[in-house]
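S.K.: This is the structure I want to talk about, given as structure tokens.
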Amino acid sequence: MLDADVFLTNPNTLNELILKNETVVAPLLKSDGLYSNFWAGVTSDFYYLRTEKYEPILFREIKGCFNVPMIHSAVLIDLRKHISDLLTYDPKNLNQYSGPIDDIITFAVGANNSDIPLSICNDNIYGFIMVPLEEKETVTEDLQRLTNIKTEILSDNNYLPLSMHLERFVQYPTEDTLQVDNIYMINLLRRPERRERMHKLFKELGIRVETHDAVDGRILNQSALEKLGIEIMAGYTDPYHNRPMTMGEIGCFLSHYNIWNKVIENGFKSIIVLEDDVRFEPFFRQKVNYILKELKDLQFEWDLVYLGRKRLAENAESWIDGSKYLVHAGYSYWTLGYILSRSGAKKLIEAMPLKQLLPVDEYLPILSDVHPRDDWKVHYTKRNLILLSANPLLIYPTHYTGEQGYISDTENSTTIFNDQDINKSKREDL
């Protein structure tokens, strides 16, 4: 049984559920909130009961198939088993039933009374489900939730099926730049699948974006760095891997650096920078507009606002006075997405980072004086970048380190030569 608002993105794995020797199973479906197609608890009068078991299953913190008191919307029944004859959606078929006149509750009660286990399986990403409209909500809210679901489907793949017979009925929002002067998306030319996925996302969200070709670390070498006048910060080694910078990290820095220069060259007041391996939180457009409105209304001086990051600060980050969505950003990693002002771009360029280069997500905390390494901070005497962050964040990575599908073009590349290698190369040239 499938509801109309169910979107199955992994149909080939559904047969695996039946093979688990269960009579009734359901693939877990994700919405743009906490809603799903199962209940982990039921009250004595057959209504929904939130339990501690629900969220670990929903967010796949534990994986497998779990017995639950209620499943609905996408239900697989093995009709080859005679016990399935006891299942019903009609309350008239239940003996001494006094609960709500509701088909899915009737189904669950009948299964439980007949000792037929109901299982929810989250061992794969099976699909998505719409949140039902509340009584006073309109089609506008429903369309927004549909957009949320479509962006979630596009979080880590390019597959978003649309029947050719329905194409003419689909309307996309008018594209704009979300109240800033321009939006840039950084993408390597050799990652066309990421570019295609992101452009599909932008179409769904109604965002007009300029694709910025990234500097590819694969084409960089020591000679190229010398021509660009790039010098690595003395004493820098990666704090986790104890290695020099990689060519990919240098390419990443230069990609952001070139965009910072565009802000100054074009006289932009503010821009948004996005990387190509991100997923957007539900209601992304609205949340960005909330942040930009606060920055305007509060008349607060700022240079850069993280939209996505990895928070590393141990201490609590203080809120901006009068703000609901912004905090002072502490030590953070990642440059997934951020809003940059003209003043911020000038500070980032005028600090002349190419003369003492280190990874871009180390550079930003140094220039805002929140980095824990004093021996690195001393290389930059003017550390006045006003660094803020959205709270909660609006952008997250599509994949985390170690997950299936995770690819890093910055880490998985050759490291720069150290002084010993350079001297050896010069001797060989002689």
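S.K.: Determine the shape class of the stretch 1-156: with a ≥ b ≥ c the square roots of the Cα gyration tensor eigenvalues, call it rounded for a/c under 1.5, and otherwise prolate if a/b is greater than b/c, oblate otherwise.
M.R.: oblate
S.K.: Using per-residue counts of other Cβ atoms within 10 Å, averaged over each peptide, order 96-102, 75-81 from highest down.
M.R.: The packing order, highest mean first, is 75-81, 96-102.
S.K.: Run the helix sum for the chain: -39,500 (n - 2.57) per DSSP H stretch of 4+ residues, divided by residue count, reported at 222 nm to the nearest 500 deg cm²/dmol.
M.R.: On the way: 12 runs with 122 residues, N = 430.
Rounded to the nearest 500, the figure is -8500 deg cm²/dmol.
S.K.: Distance in nm between label sites at M352 and T138, each 7 Å beyond Cα in the beta-carbon direction?
M.R.: That separation, rounded to one decimal, is 5.8 nm.
S.K.: Next question, about the same structure. Taking the solvent-accessible surface of protein heavy atoms with a 1.4 Å probe, what is the per residue accessible area of the chain in Å²?
M.R.: Normalised by residue count, the accessible surface of the chain is 53 Å².
S.K.: Mean Kyte-Doolittle hydropathy of 1.6 or higher plus an axial Cα length of 18 Å or more: which whole DSSP H helices in the chain meet both?
M.R.: Once both thresholds are applied, nothing remains.
S.K.: Taking every DSSP beta bridge that has both residues in the chain, what percent is antiparallel when rounded to the nearest 5?
M.R.: So the antiparallel bridges amount to about 60 percent of the total.
S.K.: Rounded to the nearest 0.05, what FRET efficiency do Y47 and L86 have when you use their Cβ-Cβ distance and R0 = 25 Å?
M.R.: Rounded to the nearest 0.05, the efficiency is 0.65.
S.K.: Right, next: Can you give me the % of accessible surface on the stretch 295-378 that is carbon or sulfur? Probe 1.4 Å, all protein chains present, nothing else counted.
M.R.: 49
S.K.: Per-residue accessible area for T138 at 1.4 Å probe radius, Å² rounded to 10?
M.R.: Counting only protein heavy atoms, the figure is 70 Å².
S.K.: I would also like to ask the following. Please give the length that would be gained between Q179 and N112 if that part of the chain were fully extended, namely 0.36 nm times their separation in residues minus their C-alpha to C-alpha distance (nm, one decimal).
M.R.: Net length gain for the segment: 18.7 nm.
S.K.: Next question. Go through K203/K269; K293/K377; K53/K293; K293/K346 and tell me which ones have a Cα-Cα distance over 31 Å in this structure.
M.R.: Going by Cα-Cα distance, K293/K377; K53/K293 fall outside the 31 Å limit.
S.K.: Let me ask you something else. List the cysteines of the chain that have no other Cys Cβ closer than 4.7 Å: which are they?
M.R.: Isolated Cys, the chain: C252.
S.K.: Put a dot 7 Å past each Cα toward the Cβ at Y400 and D123; how far apart are the dots in nm?
M.R.: It works out to 2.3 nm between the two label points.
S.K.: Please check: in the Gaussian network model of the chain (C-alpha springs, under 10 Å), which one of S163, S223, S114 has the largest mean-square fluctuation.
M.R.: Greatest mean-square fluctuation among the candidates belongs to S163.
S.K.: GNM on the chain, C-alpha springs below 10 Å: top fluctuator among Y172, Y257, Y290?
M.R.: Y172
S.K.: What do you reckon, how do H82, H399, H256, H165 stack up by accessible area (1.4 Å probe), largest on top?
M.R.: Ranked list, largest accessible area first: H82, H165, H399, H256.
S.K.: I would also like to ask the following. So, counting K/R as plus one and D/E as minus one, what does the shell of residues with Cβ under 11 Å around V360 add up to?
M.R.: Details: positive: none; negative: E249, E275, D361, E362.
Neighbour charge sum, excluding V360 itself: -4.
S.K.: What FRET efficiency do you get for A224 and K324 if R0 is 35 Å and r is their Cβ-Cβ distance, rounded to the nearest 0.05? Don't skip to the end; give the middle numbers.
M.R.: Numbers: r = 46 Å, r/R0 = 1.32.
Once the sixth-power term is evaluated, E becomes 0.15.
The values are calculated or read from the model by the stated rules, or taken from the named source; none is laboratory data. All values derive from a computational prediction rather than experimental measurement. Reconstructed Cβ throughout: ideal geometry from the backbone, glycine too, with neighbour counts over all protein chains shown. The protein model used for the area step is the full one, side chains on, heavy atoms only, and it has no ligands, DNA or RNA in it. Shrake-Rupley method; radii C 1.70, N 1.55, O 1.52, S 1.80 Å.
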